[in-house]
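Enquirer: Mind having a look at this structure? Questions to follow.
The values are calculated or read from the model by the stated rules, or taken from the named source; none is laboratory data. Just so you know, these numbers come straight off a predicted model, no measurement behind them. All Cβ positions, even for glycine, are placed from backbone atoms using ideal geometry, and neighbour counts span all protein chains on display.
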Amino acid sequence: MRARYRAERRFQLYGLVAIGLTGIFLVIVLADVLFKGLPAFTQHQFVFGVKVDAAEIDPNNTRKPDEIRAGDFQALVRNTLRGIFPEASDRAARRRLDGLLSSGAGDALRDRVVADPSLIGQTVRVSVLTSADADLYFKGLGTEITRRAGRGTATPSDTSGSIEIASTVTDFASDGTLTDAEPSQLVAINGGVVKLTEIRGNRAAGEVLLPLSSAAAAAPGSWQVVTYVTPESNRRVGDREVVWLERLKEMGAVRSTFNWRFFTAGDSREPELAGIRGALVGSALTLFVTLVICLPLGVAAAIYLEEFAVKNRVTELIEVNINNLAAVPSIVFGLLGLAVFLNFFGLPRSAPLVGGLVLALLVLPTIIIAARAALKAVPPSIKEAALGVGASHQQAVFHHVLPLAVPGILTGTIIGMAHALGETAPLLMIGMVAFIVEVPHGVTDAGTVLPVQIYLWSDLPEIAFQAKTAAAIIVLLVFLFVMNGIAIYLRRRFERRW
């Protein structure tokens, strides 16, 4: 008996260890997804006044919405940013400055002016999107910045170009030539910023990134040695861009808002413009087609097999095949959809209609099995009582047995639909992997679904798409949790225990 009790305790311990390991792995996965995905739900914007120049957007003074919409609002925003940093005068510097703006930075201004043409000629305070690299920098994915106050009196030789800075003490960290493979060292002095390129004792030479207000001597503590810890060669944002971004932050021209565009925009090659609306609508249309097809067919097949079919070898063969189809890899259904729906019937590729048909084939065995189990769970006495008072077999099934089995059928259907929502492989086979920008408006329009959108984003090289991918996974998990929660609620709320 003692040996049996010890074996039982060991078995319980093994079970606890298994549950503990499963919980640890689950927490690690969810924490990793949340940590990577939460930054995608916020978006940084520049806020400044933009002069709506009629010569750029409405040279003919027509005030017609179509002509105004065709105006170059991106140029208005770009010129405003250039006006804040006039020192970016050469072509290369302007290109780098313009790179801080999203390619859709002028969209918000365009919408406001089209809605209210009286804004033409005025200065409008507007929020414009930053580029993905600038957004990542503000989210802390650029470089760590350390600041150290100067101990001596520093005197710059000029206010722009290549200058030298002399300090009365040894204020600089190293001696020699500085390269892009080392942490960048800058000096913030007299309202400007100098990137150091060479250090010799208490003297340093460098290139002015932001012009100094004067070449006067700076007292101890009034100037700083700033270090960008991550070398410039390992960053997406260079030293000059960091200086501009930090200056905009000091000016109060940067704000962080909830990223509604993530839910309201379609896919895009630009990370800051990409959203999941197209994938959400495509998923909804695909699941609608799946539900319309598989629910009535699955329930009808379950009722027939359970209540009306003659028990013989044919029905046994059908039941065995249904059980086997529930275990077939999902990609096989994708191959079937490719061969039948696309190649034979010629249905449109990458359409929710075809995706719904393929997923209906995938989910149908699950719904049939769940519906049969729900029908079988109803006590035989219910049907026998109905037959005993004169009801026909069909009346007993549809009026008494089926209503009592509905909660179990709904539970199985919702779980099957949740399974369909998370499928990717069969939809890839029917072409739903295409890059779709427009939001589908019908089941025959080209579209994609959320799992395929996640797959597409995960394969892109831009760092910003990593957060987008994790955020889309969070949205998908929320939908799956909600659907499974509804299934649990329906089972507990309506299911009867006999």
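Enquirer: State the number of residues belonging to the stretch 190-229 that are more than 18 Å from Thr143 (Cβ to Cβ), touching a residue at least 24 places away in the same chain (Cβ under 8 Å) and assigned to a loop (DSSP other than H, G, I, E, B).
Expert: So the count comes out to 15.
Enquirer: How many of the residues making up the stretch 135-174 are touching a strand residue (DSSP E or B) at 6+ places or on another chain (Cβ under 7 Å) and closer than 30 Å to Gly275 by Cα?
Expert: Adding up the residues that qualify gives 3.
Enquirer: Follow-up question, since we're still on this one. Does Gln395 meet the test of being polar (S, T, N, Q), in a helix (DSSP H, G or I), buried (at least 17 other Cβ atoms within 10 Å of the Cβ) and modelled with pLDDT of 90 or more?
Expert: Taking the combined requirement at face value, the residue does not satisfy it.
Enquirer: Going by what's in this entry, would Glu198 be described as over 30 Å from Ala472 (Cβ atoms) and touching a His at 6+ places or on another chain (Cβ under 8 Å)?
Expert: So Glu198 does not fit the description; no.
Enquirer: Follow-up. If the requirement is being at pLDDT 90 or above, farther than 24 Å from Phe85 by Cβ and among the hydrophobic types (A, V, I, L, M, F, W, C), which of these qualifies: Ala181, Ala149, Ala134, Ala115?
Expert: Ala149
Enquirer: Could you grab me the full set of residues in the stretch 295-326 that are farther than 17 Å from Ala373 by Cα, in a helix (DSSP H, G or I) and either touching a Gly at 6+ places or on another chain (Cβ under 8 Å) or of a type in the set (Val, Ile, Thr) (or both)?
Expert: Selection gives Val314 alone.
Enquirer: Next up: If you go through the stretch 136-159, how many residues are within 43 Å of the chain's Cα centre (by Cα) and hydroxyl-bearing (Ser, Thr, Tyr)?
Expert: Residues that pass the stated criteria total 3.
Enquirer: Taking Lys311 as the residue in question, decide whether it is surrounded by 17 or more Cβ atoms within 10 Å (Cβ to Cβ) and either of a type outside the set (Val, Ile, Thr) or free of Cβ contacts under 8 Å to residues at least 60 places away in the same chain (or both).
Expert: When the stated conditions are applied, Lys311 does not pass them.
Enquirer: Moving to a separate point now. When you scan the stretch 79-94, do you find a residue that is within 30 Å of Arg240 (Cα to Cα), among the polar types (S, T, N, Q), without any contact (Cβ under 8 Å) to a residue 12 or more places away in the chain and not in a helix (DSSP H, G or I), even just one?
Expert: Yes, because at least one residue in the stretch 79-94 is within 30 Å of Arg240 (Cα to Cα), among the polar types (S, T, N, Q), without any contact (Cβ under 8 Å) to a residue 12 or more places away in the chain and not in a helix (DSSP H, G or I).
Enquirer: Applying the selection to the stretch 230-245, what residues are farther than 11 Å from Arg96 by Cβ, touching a residue at least 12 places away in the same chain (Cβ under 8 Å) and of a type outside the set (A, V, I, L, M, F, W, C)?
Expert: Residues satisfying the conditions are Thr230, Pro231, Glu232, Ser233, Arg235, Arg236.
Enquirer: Then there's this: Checking the conditions here, which among Val363, Val320, Val340 is surrounded by fewer than 15 Cβ atoms within 10 Å (Cβ to Cβ) and more than 16 Å from Val443 (Cβ to Cβ)?
Expert: Going through Val363, Val320, Val340 in turn, just one is surrounded by fewer than 15 Cβ atoms within 10 Å (Cβ to Cβ) and more than 16 Å from Val443 (Cβ to Cβ): Val320.
Enquirer: Restricting to the stretch 193-211, what's the tally of residues that are crowded, with 21+ Cβ neighbours inside 10 Å and either closer than 11 Å to Thr155 by Cβ or of a type in the set (Gly, Ala, Ser) (or both)?
Expert: Within the stretch 193-211, residues that are crowded, with 21+ Cβ neighbours inside 10 Å and either closer than 11 Å to Thr155 by Cβ or of a type in the set (Gly, Ala, Ser) (or both) number 2.
Enquirer: Further question on the same structure: Is it the case that the stretch 449-459 has a residue that's in a loop (DSSP other than H, G, I, E, B), modelled with pLDDT of 90 or more and under 20 Å from Leu335 (Cα atoms)?
Expert: Among the residues of the stretch 449-459, at least one is in a loop (DSSP other than H, G, I, E, B), modelled with pLDDT of 90 or more and under 20 Å from Leu335 (Cα atoms), which makes the answer yes.
Enquirer: Would you check if there is a residue in the stretch 100-117 being touching a residue at least 40 places away in the same chain (Cβ under 8 Å), over 19 Å from Thr227 (Cα atoms), in a strand (DSSP E or B) and touching a helix residue (DSSP H, G or I) at 6+ places or on another chain (Cβ under 9 Å)?
Expert: yes
Enquirer: Answer yes if at least one residue in the stretch 276-284 is closer than 30 Å to Arg349 by Cβ and among the β-branched types (Val, Ile, Thr), and no otherwise.
Expert: Looking for residues that are closer than 30 Å to Arg349 by Cβ and among the β-branched types (Val, Ile, Thr), one finds at least one in the stretch 276-284, hence yes.
Enquirer: Right, something else. Return the total of residues in the stretch 359-376 being basic (Lys, Arg) and either touching a Leu at 6+ places or on another chain (Cβ under 8 Å) or without any contact (Cβ under 8 Å) to a residue 60 or more places away in the chain (or both).
Expert: 1
Enquirer: Checking the condition more than 30 Å from Glu270 (Cα to Cα), in contact (Cβ under 8 Å) with a residue 60 or more places away in the chain and hydrophobic (A, V, I, L, M, F, W, C), which residue from Ile409, Ile474, Ile463, Ile436 passes?
Expert: The unique qualifying residue is Ile409.
Enquirer: Further question: Looking at Pro39, Pro65, Pro59, which is the one that is of a type outside the set (Val, Ile, Thr), over 26 Å from Leu209 (Cβ atoms) and without any contact (Cβ under 8 Å) to a residue 12 or more places away in the chain?
Expert: Pro59
Enquirer: Moving on to the next point. What residue, among those in the stretch 134-179 that are small (Gly, Ala, Ser) and over 19 Å from Ala216 (Cα atoms), is surrounded by the most Cβ atoms within 10 Å (Cβ to Cβ)?
Expert: Checking each candidate, the answer is Ala134.
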